Amino acid sequence: MSSAQPQLYRQETDVSKSDIGTIDGEKGNYDHRETLKVPDTIAEMDEDTGGNVGIAEYERSKQMAEITPAQNKAILRRIDWFILPLFLMTQTLQYLDKTALNYAKVFGMEKAMGLHGQQFSTAASIFYVGYLVAQAPWAYLIGRFPAGRVLGVSTLIWGVCVITMVENKNYTHVLVSRFFLGVFESSVTPGLSLMTGFWYTREESPLRQTIWYSAIGWGGMIGALMAAGIQGLGDDPVPRWKLIFYILGAITIAWAFVLWFFLADGPSNAKWLKAEYRSLAVARVAKNGTGIKTTTFNVRQGLSALYDIKAWMLSLAMFGSSVPNGILTNFSGPIIKGLGFSTLNAALLDCAGRSLQVISLLIAGILATKFKNNRIIMVTIGNLICVLGSGLMAFLPYEKSYTWPRLIGFWLINCQSIGFTLGLVMISSNFGSYSKRSVTSTMVFICYCAGNAAGPSFVYENQAPQYPSAAQAMLGGYVGKTICHCILGAYMWYENKRRNRVYGEPDPVLAADNGMKGMTEIENIHFRYVL
């Protein structure tokens, strides 16, 4: 190994107060803060890292030659091959298991369990109550313990919840099952979003996150095709609605063991990376200036999310997108069928819409990766497409001649995932300190739960098959989401300009050092937002 110190990894043993900054962004006010010091030896770091995962590997990388383009490409390719399939499959199963109720309804589950009136909508909504209650503890557990083990346990238990759904005898049983399904599935999307920042640079994250989150499109297509295939079967010896839960539950339980044994906690302990590559892989993501994760929770940093406008705009935007999502997740089949299509054709047409979801996500991810600072632009375009789609559904006449325009509007709504996914990328890319990221994620997913729980309440059985209230609720949600994302983009643009004016051009090495020591993006004056 070369002893030369590359510019990117320049050693900074003592970080001066002028390099740290303050919560209010004013240099010189340090009454409440101690000077941070990087440990002098690897042994010292191993014994006392303040819970900052990967800092020893990061300091070790400073003793190495600068990472070459060939090494960077090899590391990224290996991470992609090991991490993306695990993330993609986990998210796909989570979506399929959550929406199994949608397909089971088509095959008579509602009648078999004696549900009537708004009971099915309530059963769909209570999933998000469990999700809301549990997702903050899961975010803490993923930080405190090996992430693969945490996700493996949660996946195993929710797989059991899916299978035992067939034993429900009445409305109360359904409510209990759906609540606990939400509790254990709540580890997935927030957890994978946080973990994306463990592995990828800010430039790489948009495409990777859109790839694994395209799972909801793939899951929708798989679910629609599964329903279409089951349509041709009889109800002997097993009712078709029960067969759905048996199949999905068994696959999920098997997948839990894959996560337990193969999902690494981060690049610093990925056994499928060579020891030299582990240090370089940590150095790659250290450039983000946000750190990787900490095993100890910093209360002060965590609570700082509560008075950060970025966190609130992301949270309110999430609520705006989740009201429509709560409707589509549980009623896409009945809505399409209500346009005059058979059960089989409704499933296939839903599948076509999901393909648009996957394509739009990947296009947005590619463009956000290829061109600098255009994520807010991609989000806004996706939001406006959804406004158009929901507007067609809300205001076109309910006449047969408008069936296909209304269906096209329904398909366009699938572009909502662009704003959802790139909004989550904002958390991993623009919030320093795992404690603050986890609290921000909790805020965002509380609004996700609230919106998804509220969505089905706009679907009134006496308005079938048009559901005008549902279409109007979707339109309102997308308009609100668009406004919040525009405010977020304007704030980050202004703040970058202000920081350059007050502090001068940022030093990428100090930004990385400060981030790896667990500083928030506000404390780290060398941090700049990615728009």
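Each reported figure results from applying straightforward, stated rules to the coordinates on display, with no laboratory input. Please read all numbers here as calculations on a predicted model, not as lab measurements. All Cβ positions, even for glycine, are placed from backbone atoms using ideal geometry, and neighbour counts span all protein chains on display.
Order 418-424, 350-356 from most to least packed using the mean count of other Cβ atoms within 10 Å.
Those peptides, ordered most packed to least, come out 418-424, 350-356.
So who's got an amide H within less than 5 Å of the one on K293, skipping anything under 5 residues away but keeping other chains? H placed 1.01 Å off N, in plane.
Placed amide hydrogens put V53 under 5 Å from K293.
May I ask for the distance between the Cα centers of region 110-173 and region 502-521, given as a whole number of Å?
With region 110-173 and region 502-521 each reduced to a Cα centre, they are spaced 40 Å.
Report the calculated FRET efficiency for A490 and D236 (r = Cβ-Cβ distance, R0 = 56 Å), to the nearest 0.05.
Rounded to the nearest 0.05, the efficiency is 0.40.
Please report the spacing between the Cα centers of region 337-369 and region 185-263 in Å, no decimals.
Cα centroid to Cα centroid, the span is 16 Å.
If you average the sequence gap of Cα pairs under 8 Å that are 6 or more apart and divide by the length of the chain, what percent do you get for the contact order?
With pairs under 8 Å counted, the relative contact order is 24 percent.
Tell me, in nm to one decimal, what length is gained between K372 and Y503 on full extension, where the rule is 0.36 nm per residue of separation less the Cα-Cα distance?
This chain segment gains 44.9 nm when fully extended.
Between F262 and E66, with labels modelled 7 Å along Cα→Cβ, what's the label distance in nm to one decimal, could you check?
3.7 nm
Among 149-158, 300-309, what's the highest-first ranking by average C-beta atoms within 10 angstrom per residue?
149-158, 300-309
Can you tell which of S438, A134, L314 lies farthest toward the positive end of the dipole of the chain, using +1 and -1 charges on the Cβ of basic and acidic side chains (Lys, Arg; Asp, Glu)?
Going by the Cα projections, it comes out as L314.
Compute, for the chain, the length of the dipole vector about the Cα centre, with Cβ point charges of +1 (Lys, Arg) and -1 (Asp, Glu) only. Units Debye, rounded to 20.
That gives the chain a dipole magnitude of about 880 debye.
Roughly how many nanometres apart are two label points built 7 Å out from the Cα toward the Cβ at K73 and R144?
It works out to 4.4 nm between the two label points.
Work out which helices of the chain, taken as complete DSSP H runs, extend at least 27 Å along their axis over the Cα atoms and score a mean Kyte-Doolittle of -1.0 or more, then list them.
Correct list, ordered by number: 69-106, 119-144, 240-262, 309-337, 343-370, 375-395, 434-454, 468-503.
Taking region 212-312, how much of its Cα-Cα pair set, in percent, is spaced more than 20 angstrom apart?
When every Cα pair of region 212-312 is considered, 67 percent fall beyond 20 Å.
Any chance you could get the radius of gyration and Dmax over the Cα atoms of the chain, in Å?
Expressed in Å, the Cα Rg and Dmax of the chain come to 23.8, 76.
Quick one: Cα centre-to-centre distance for region 402-426 and region 269-324, in angstrom?
27 Å
Would you mind computing, in nm to one decimal, how far apart the modelled labels at L306 and T201 are, each placed 7 Å from Cα along Cα→Cβ?
3.7 nm
Which value, in nm² and rounded to one decimal, describes the direction-averaged projected area of the C-alpha convex hull of region 306-445?
9.2 nm²
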